Amino acid sequence: MTEREIKGGIKELSPIDVYMLLPRTNCKECGEENCMAFAVKLVSREVPLEKCPPILKKEKAEAYKKLQELLAPPVREVVIGLGKRSLRIGGKLVMHRHEFTYHNPPPIAIDVTDEMPLHPNPERKDEREGIIDRIRKFEGFSYDYIGKRLNLDAIALRSTSGNPETFKSVVRAVTEFTDVPLILCSLDPAIMDAGLSVAGDRRPLIYAATKENWKEMAELALKYSCPLAILAPNDLSLLRSLARTLIDYGLNDLVLDPGTFPEEGIAATINNFTMIRRCVFKRRDKLLGFPLLGTPITAWLYGEGSMEERAWKEAVLASMLISRYADLLIMHSLDGWALLSVVIWRFNLYTDPRKPVSVEPGLRTFGEPDEKSPLMLTGNYALTYFTVESDIKKCGASCYLIVADTQGLSVESAVAGRYLTAETVAEAVRKSGIEGKINHKFLIIPGLAARLSGEIEETLGGEWRVLVGPRDSSEIGKFLKEKWPPKLDFQG
Amino acid sequence: MGRGEIRRRNEGSIKIGPRLLEILSQLGEIELEDVEIEVEDLEIWWQPGVGIVAPPKIVPPPRVKPTEILPEPFEVPLEEYPGRVEEVVLGATKAEGGTRAKRIVIGGAESPAFYLFERKPAHPPVIAIDTFDMKTSLPRAIRMYVEEVMEDPPAWAKMAVDKLGADLVSIHLISTDPLIRDTSPKEAAKTVEDVLQAVDVPIIVGGCGDPRKDAEVFTKVAEVAEGERLLLSSVTLDMDEAGILGRVAKAAKDHGHAVLAFSSMELNKAKELNRKLYAFLPRDSIVMDLTTAALGYGLEYSFSIHERARLAALMGDPELQHPVLSGTTNAWAAREAWLRMGPEWEPRELRGALWETITALALLLAGVDVFMMMHPDAVRTVKKVIEHFNREVKPETMVDWVSARI
């Protein structure tokens with residue numbers, strides 16, 4: 001196996017191939033200088049083909065179709081929901097993140113059932129949670145991370161009642177309450193039909209077609225033009241067979257669920273997801289070239305354990321499925337402590353591996369600093385910077401902050417990797433233009449760079465003194481309160 | 001389609017007359033019995049009759065819908081790899097010149113991590129639990145478990161093995177830091193001896209991060225713990241720059257130990273360091289640390305560098321064919337692991353332990369062979385997952401989560 005083979009689809013596509021099919025008039029309507037530049041961006045998936053107006057004209061229909069095929073990702077992109085909140089899942093171009101970039105972070109759907117009350121009755125002990133509360137909690141889940149908002153994405157409506165009318169009325173209530181994308185879950189076509197009769201115009205994902213019900217589910221998917229999930233637990237032959245059958249039935253927007261098995265089933269689960277993706281990228285298996293659905297919710301139904309243990313197991317399963325190719329997840333827990341690591345890992349894994357997440361080095365000012373204000377230093381890893389920034393703002397200090405070029409690494413890694421050294425600090429101070437803005441020579445360095453303090457003083461020379469700041473920037477406020485202005489008199 | 005079989009390819013089409021079409025459009029579905037159609041591409045289309053004024057409603061062409069599941073067998077996608085990861089032995093029994101109850105073999109991978117359809121891991125990953133030779137600042141979620149043994153390395157090591165099931169114990173000699181206590185190499189070596197006495201699992205010896213001091217300490221420890229097959233953590237290109245790498249590597253070789261080659265997320269640096277080490281040490285005495293960044297603080301870089309390193313090793317790059325170790329305790333560098341963040345994110349003790357767990361599991365799937373960890377729940381969970389992977393139970397049925405009441 002050579003590296004080129006592993007890389008698969010994306011690497012084999014040359015901008016020239018794409019260019020040859022473009023109008024080649026260099027009309028600049030797409031905003032690029034010429035068609036070749038546009039072709040390069042198309043291949044790196046930075047722009048959609050539709051940004052080229054001439055290609056959409058009738059006479060170019062054939063070239064447009066060919067380009068669409070050429071640029072189609074090996075894992076089909078499927079849309080769930082409509083409008084602004086709709087979700088794109090799949091669309092994967094590579095097996096491994098480092099080869100290109102993973103597209104479309106897997107949305108997380110949280111379940112509600114048609115037997116949950118809309119609002120819990122406080123008199124009844126078995127009614128802990130109401131649907132509306134759950135959806136409110138779901139909508140309220142939000143975490144600010146490097147200037148991005150991390151949220152949950154969809155509601156999975158399950159029929160536990162087994163009654164079409166009950167399902168229908170709950171689906172209706174949910175659609176009236178929220179416009180969030182939906183997954184309708186029932187293996188009974190009559191129940192699914194009832195749900196679709198009220199939500200079918202919102203393009204929910206239908207879960208799921210099985211060995212038994214596939215024909216009826218296929219009819220529903222056609223009738224309502226909705227994407228359809230295939231469930232074939234731990235049976236990839238069945239999964240492929242159903243995919244072939246449903247494609248021939250006229251369905252293109254399929255989602256594959258090979259089953260998510262917690263506990264000792266985790267080996268089979270990861271195995272199936274991995275085999276499917278290898279078949280797509282190594283064998284060009286079109287039948288398996290659809291988004292994969294993982295259901296960590298199954299962790300709630302195995303074995304014993306407290307609520308916390310189950311939420312823990314579910315998060316563990318979710319994080320592993322995110323690492324191994326899931327394109328959509330259905331979960332039960334709404335616990336912040338459990339979901340936070342899952343949504344952060346999802347965000348991280350889907351960042352562009354070619355770009356270190358960094359900010360521009362240089363001098364920043366906070367509040368209204370004067371010549372007596374403190375001078376601090378940090379690295380240019382985006383997360384480090386934004387964290388420090390938010391902590392400085394929180395404590396309301398007026399100060400200067402030098403952002404050193406640590407090659408987009410955190411302070412700790414930069415010290416270990418020798419990107420943050422006495423020399424680079426001195427360089428950053430010199431370049432910052434801080435001289436003249438302050439009348440003291442105290443530099444506060446991060447606690448995690450403490451070991452550099454002596455060397456920095458030596459390298460900066462002159463009258464510079466280094467103060468070792470806190471190890472975590474949440475303590476900056478406290479630090480400045482206690483240590484600024486510095487007690488030790490300047491003695492040269 | 002009955003027993004008829006239709007293969008669709010790229011060319012050819014059947015043209016259907018308008019009358020048949022009319023009938024078809026009324027039926028919406030047709031079933032052909034005992035018909036075998038072998039064409040390159042089945043495309044059914046029609047043209048609306050001349051003279052129709054109003055544009056016809058767009059109706060999808062009638063399809064011949066399958067009535068039975070069309071069988072498509074699945075073949076397991078196996079690959080061959082020219083490369084294989086070295087096996088490294090940690091710890092030595094009496095028979096092998098040490099005093100450990102058993103030795104641990106790591107590495108030996110011949111497929112990407114947990115591609116179980118190809119093969120099981122040659123040796124399942126193992127967990128070392130971190131201990132320190134002095135009181136150090138630890139997040140509360142961890143401190144509550146180790147408070148009583150914090151100034152007592154042998155007791156700490158014993159707890160790690162007896163209570164938490166550590167496969168190995170890592171003892172970090174942070175007090176040797178010239179900026180902290182500047183403990184002498186002799187004293188540090190004594191601590192290592194005490195830990196070796198207290199437990200019978202293989203030991204990882206960590207330095208303070210100052211290359212010169214670490215070199216002195218490792219040289220002394222290597223000599224005192226002759227034959228125990230320690231893992232010295234770590235040797236770096238900084239040591240090479242300071243001209244002391246050879247001395248440490250030679251001490252490791254002379255006294256039968258292995259070294260951990262640390263590089264900071266750069267495969268070229270990792271390879272360069274290994275090349276330098278080959279001059280002093282056999283290949284089976286080198287483990288790599290490619291840097292573990294915490295979840296939320298660059299874990300994705302660690303993940304990708306580990307995936308790249310392992311794939312390159314399997315594809316035949318000899319300079320990367322070494323087992324890898326992750327300092328997973330670094331997960332606690334993330335403030336989300338320990339900070340009070342508001343009631344919706346509580347309890348933070350669980351949040352932190354899960355943080356360490358998920359940091360470990362990401363790297364488990366990227367190919368890490370040894371984890372250095374701390375939180376008991378994180379250790380327990382990762383051990384369980386490794387066990388499950390190793391047993392590889394075939395699930396018979398799936399629990400019906402769709403209609404289950406949770």
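The values are calculated or read from the model by the stated rules, or taken from the named source; none is laboratory data. These numbers were taken from a predicted model, which means no experiment stands behind them. For neighbour counting, all protein chains shown are included, and Cβ atoms are generated from backbone atoms with ideal geometry for every residue, glycine included. The area values use the complete protein model at the heavy-atom level, side chains included, leaving out ligands, DNA and RNA. Shrake-Rupley method; radii C 1.70, N 1.55, O 1.52, S 1.80 Å.
Among the residues of the stretch B:315-349, those identified as in a loop (DSSP other than H, G, I, E, B), more than 8 Å from chain A (Cβ to nearest Cβ) and either within 20 Å of the chain's Cα centre (by Cα) or within 22 Å of B:G367 (Cα to Cα) (or both) are B:G316, B:D317, B:Q321, B:H322, B:P323, B:A334. It is to be established whether one or more residues within the stretch A:109-132 are more than 11 Å from every other protein chain (Cβ to nearest Cβ) and either aromatic (F, W, Y) or assigned to a strand (DSSP E or B) (or both). Checked against the condition, which is being more than 11 Å from every other protein chain (Cβ to nearest Cβ) and either aromatic (F, W, Y) or assigned to a strand (DSSP E or B) (or both), the stretch A:109-132 yields at least one hit. Search the stretch A:330-381 for residues being under 15 Å from the mean Cα position of the chain (by Cα) and open to solvent by 10 Å² or more (accessible area, probe 1.4 Å), and hand back the single one that is nearest to A:K441 (Cα to Cα). Applying the filter and picking the extreme gives A:V357. Tell me, please, whether a residue that is facing chain B (nearest Cβ under 7 Å), open to solvent by 20 Å² or more (accessible area, probe 1.4 Å) and assigned to a loop (DSSP other than H, G, I, E, B) can be found in the stretch A:296-315. Checked the stretch A:296-315: at least one residue is facing chain B (nearest Cβ under 7 Å), open to solvent by 20 Å² or more (accessible area, probe 1.4 Å) and assigned to a loop (DSSP other than H, G, I, E, B). Here B:L320 qualifies as within 14 Å of B:G107 (Cα to Cα), open to solvent by less than 10 Å² (accessible area, probe 1.4 Å), touching a residue at least 12 places away in the same chain (Cβ under 8 Å) and hydrophobic (A, V, I, L, M, F, W, C). If the condition is being touching a residue at least 40 places away in the same chain (Cβ under 8 Å) and at positive phi, then the stretch A:274-323 contributes A:R284, A:G303.
The number of residues in the stretch A:180-202 being assigned to a strand (DSSP E or B) and more than 14 Å from every other protein chain (Cβ to nearest Cβ) comes to 1. Do we have any residue at all in the stretch B:67-85 that's touching a Cys at 6+ places or on another chain (Cβ under 6 Å) and within 12 Å of chain A (Cβ to nearest Cβ)? Within the stretch B:67-85 (the criterion being touching a Cys at 6+ places or on another chain (Cβ under 6 Å) and within 12 Å of chain A (Cβ to nearest Cβ)), the answer is yes, since at least one residue qualifies.
All of (1) more than 11 Å from chain B (Cβ to nearest Cβ); (2) under 23 Å from the mean Cα position of the chain (by Cα); (3) β-branched (V, I, T) hold for A:I146 with one exception: (1).
Within the set B:V259, B:V287, the sole residue that is open to solvent by less than 10 Å² (accessible area, probe 1.4 Å) and either touching a helix residue (DSSP H, G or I) at 6+ places or on another chain (Cβ under 7 Å) or within 13 Å of another protein chain (Cβ to nearest Cβ) (or both) turns out to be B:V259.
Residue count for the stretch B:369-402 satisfying the condition of being at pLDDT 95 or above and part of a loop (DSSP other than H, G, I, E, B): 5.
Given the options B:R405, B:R391, B:R380, name the one that is more than 11 Å from the chain's Cα centre (by Cα) and more than 7 Å from chain A (Cβ to nearest Cβ).
Numbers: B:R405 fails: more than 7 Å from chain A (Cβ to nearest Cβ); B:R391 fails: more than 7 Å from chain A (Cβ to nearest Cβ).
Step by step, each of B:R405, B:R391, B:R380 is checked, and only B:R380 is more than 11 Å from the chain's Cα centre (by Cα) and more than 7 Å from chain A (Cβ to nearest Cβ).
Filtered by the rule that a residue be within 16 Å of B:R181 (Cβ to Cβ), acidic (D, E) and surrounded by fewer than 19 Cβ atoms within 10 Å (Cβ to Cβ), the stretch B:126-151 gives a lone residue, B:E151. Across the stretch A:67-84, the number of residues qualifying as loosely packed, with under 15 Cβ neighbours inside 10 Å, among the charged types (D, E, K, R) and in contact (Cβ under 8 Å) with a residue 24 or more places away in the chain comes to 0.
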